[in-house]
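What follows is a set of notes on a single structure, which appears directly below.
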Amino acid sequence: MKLHHILLATTATVVALSAGSAFAQFQKPEDAIKYRQSVFTVLGNSFGKIAAVVKGEAPYNKDEVAKNAAVVATLSSLPWQAFGSGTEGGKAQPEVWSDSAKFKSNAEKMQLAVASLNTAAQSGDLDNIKKAFGAAGQTCKTCHDDFKKK
Ligand code: ASC
């Protein structure tokens with residue numbers, strides 16, 4: 001192997017590892033803000049569709065709820081990487097950065113709660129969906145109370 005091949009291989013490995021640890025990279029703070037707000041918008045849209053079913057405003061369709069819960073669960077891991085230092089602003093309160101341990105803990109609780117909601121939704125038991133939905137919604141509210149601008 002020639003030296004420049006070794007250097008190329010090393011560079012490729014470093015790039016791959018960096019991408020694995022935080023795959024969304026942002027050129028400007030506004031890009032991070034747009035990214036996290038976009039994720040929350042799509043996540044909230046699917047969560048809201050489940051909310052309508054849970055509240056009895058829309059009929060229960062197992063496949064629809066299962067799809068929406070899967071979207072919420074998949075997206076739940078994405079916003080947090082877009083709250084890096086230097087990306088203050090948007091609807092985020094300064095406490096996201098000054099109390100980052102609490103923010104992280106809230107984010108983890110939300111991800112566990114929506115994973116449970118997804119499990120319930122895939123199994124198709126509406127009573128379990130309602131319970132898991134309530135718990136998941138509480139994690140949204142708790143975090144918004146402390147970390148989201150009104
Ligand atoms: C929603 C939504 C939230 C949560 C929260 C639950 O549908 O947009 O922020 O549920 O209101 O208490």
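Just so it is clear, none of the values below were taken in a lab; they were calculated from the coordinates. Source: prediction; values computed, not measured. When we count neighbours, we look across all protein chains shown, and the Cβ atoms used for this are built from the backbone with ideal geometry, even at glycine.
Angle of helix 29-54 to the longest C-alpha principal axis of the chain, folded into 0 to 90 degrees and rounded to 10: 20°.
Between the amide H of Lys148 and those of Gln93, distances stay under 5 Å, these residues lying 5 or more places away or on another chain, with hydrogens modeled in the peptide plane.
Taking the Cα centre of the chain as origin and assigning +1 to Lys and Arg Cβ atoms and -1 to Asp and Glu Cβ atoms, the resulting dipole is close to 120 debye.
A run of the chain free of exposed loop cleavage sites, with chymotrypsin sites (Phe, Trp or Tyr not before Pro) counted only in DSSP states other than H, G, I, E and B and at most 15 other beta carbons within 10 Å, reaches its longest extent at 61-150.
Extension gain, Ala58 to Lys141: 0.36 nm times the residue separation minus the Cα-Cα distance gives 27.6 nm.
Look at the dipole of region 54-104 built from charges on Cβ: of Ser85, Asn61, Val71, the Cα furthest out on the positive end belongs to Asn61. Principal-axis analysis of the Cα atoms of the chain puts helix 100-123 at an angle of about 60° to the longest axis.
For Lys150, the lysines whose Cα falls under 26 Å of its own Cα, not counting residues fewer than eight places away in the same chain, are Lys28, Lys34, Lys49, Lys55, Lys91, Lys102, Lys104, Lys109, Lys141. Only helices enter this figure: runs of n ≥ 4 DSSP H residues, each worth -39500 (n - 2.57), summed and divided by the residues of the chain, yield -24500 deg cm²/dmol at 222 nm to the nearest 500.
Relative to the longest principal Cα axis of the chain, at what angle does helix 3-21 sit, 0 to 90 degrees, rounded to 10? Tilt relative to the chain: about 20 degrees.
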